[in-house]
Amino acid sequence: MRMQWLRAGSRQEFERFVLGRSDQLLRTAYLLAGDLAEAEDLVQETLLQVARRWHKVRGMDHPAAYARRILVNAAIDGAGQRGRRASELASAATFRLEDRPDYRAERALRAVDTQAVLLAALARLSARQRAVIVLRYWEDLPEVEVAAVLGCSVGTVKSTASRGLARLRAAVGAQASSGPAGAPDHRPVNISQRRSR
Amino acid sequence: VKTDAFETDLRQALAREAAAVPAAACERVRHRDYRPRAHSRAAVASAGLVIAALAASGGAYLAGVTRDSAGGVPSATSPLTGATITLDGYRFALPAGFKAITATCTAPIRGGLAPSATVGSKFAAGASAHGGCVEAALFSGKLTLPGTASAVRVGNHQGYVMAQPAEHRIALYVSIPAAGGGHWLVITAKDLSRAEVVAIAARALG
């Protein structure tokens, strides 16, 4: 495998592919996972899988679409683990973010910020709904391509997007009617990433 | 909220959030080594023997790996075929290309734990020719976890990770039950992924 990889000169092609596509993959992974470390791991796993099959992938019409499909499905598959980790984090006695003054301040600020409300609501969607929303509104993919990525019908994409958008709208609506006191939940694992930027 | 305005807000929110990914993270992802690794028959056979031995000895490490894999935690780690460093009976197998060193190689993570006392040997460390390094130490005492840590399972143990992506540094804190009070295994690393650091600790504690 390694000899074939080197002999075909495809290593350089793959490296160009990584240089050209990894940023977009990482940003998509970040929106899907809501955590930078998770996003990096997802992209690393995706690109390792692409590298292993590069002799086939390089001949595809859209290698980037293949990589995106691996990434999105890995993110959906790993969502349960992330959810358990996040709840473990929130419930740890030594780790109550709610008690932190800086966190309360951040939450108050977010309450008047539609963007923050949307992102917080996005984090509460199911992994599949989140994937549909990210692919439609960040990657700008048409429904038929979203269906191809997720391996489902266009009808399923439409209904999933509709339910996801309804929940996001409801979150924004609730925020608008209740003001800061009605601020939505947070994304605990993401707080550190926000501070480190 | 009207549909058009709402969808515009949504697109802008996603675009701003995506744009906030640090350049250092993009750089790190770009420059990892993704080449397929050659697997010789001898290596495969050796791996089989190691797995069989671990399974026969109770499989604590395998249990942790299985749980992580089932949960979707990426297994994208370099094989731990580099040097093995030892600290108070714990053996840390390091990634390929790492050698044991006697000097400390990483600075403390900002906002990390401020442990009261080290336990036993001061530390054990390894480094690679490409600038990567990893350092393990044991601490005792009651420690307050910083708010910027994220929880992670390390085999059968509870761990917490803190990262400084801009500096490619990461610290893993693992709680280890011990007679007379809990201990903490602290692994600080540079240019290693979270999955790699967790794998090093899980194997040592398994």
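Between B:I101 and A:L19, what is the label-point separation in nm under the 7 Å Cα-to-beta-carbon projection?
It is 2.9 nm.
What are the ³J(HN,Hα) couplings of region B:186-197, residue after residue, when phi is run through the Karplus curve with 6.51, -1.76, 1.60 and θ = phi - 60°? Round to Hz, x for glycine and proline.
Coupling constants for region B:186-197: 10, 10, 10, 9, 10, 6, 10, 7, 4, 4, 5, 5 Hz.
I need the calculated FRET efficiency for the pair A:D77 and B:T8, taking r as the beta carbon distance and R₀ as 25 Å, to the nearest 0.05.
Plugging the Cβ-Cβ distance into 1/(1 + (r/R0)^6) gives 0.20.
Can you give me the long-range amide H partners of B:I101? Hydrogens built in the peptide plane at 1.01 Å from N, cutoff under 5 Å, separation of 5 or more residues or another chain.
Sorted by chain and number, the residues that satisfy this are B:A125, B:G126, B:A127.
Ordered by residue, what ³J(HN,Hα) values in Hz, to whole numbers, does region A:163-174 give under the Karplus form 6.51 cos²θ - 1.76 cosθ + 1.60, where θ = phi - 60° and Gly and Pro are x?
With coefficients 6.51, -1.76 and 1.60, one gets 5, x, 5, 4, 5, 5, 4, 4, 5, 5, x, 5 Hz.
Across region B:13-27, in residue order, what do the Karplus-derived ³J(HN,Hα) couplings come to in whole Hz, using 6.51 cos²θ - 1.76 cosθ + 1.60 with θ = phi - 60° and x for Gly and Pro?
5, 5, 5, 5, 5, 5, 5, 7, 4, x, 4, 5, 5, 4, 4
Other chains' Cβ within 10 Å of A:44-51 residues: what's the mean?
6
Per-residue mean of other chain beta-carbon atoms within 10 angstrom of the beta-carbon, peptide B:19-29?
6
Using 0.36 nm per residue of separation minus the Cα-Cα distance, give me the extension gain between A:A65 and A:R163 in nm, one decimal.
So the chain would gain 32.8 nm between A:A65 and A:R163.
Please give the average number of partner chain Cβ atoms lying within 10 Å of the Cβ of each residue in B:151-163, rounded to a whole number.
Per residue, the number of nearby Cβ atoms from other chains is 3 on average.
Where a number appears in this text, it was derived from the coordinates with a stated rule and is not lab data. Predicted model, so just to flag it, every value in this text is computed and none were measured. Virtual Cβ from ideal backbone geometry, glycine too; neighbours counted across all protein chains shown.
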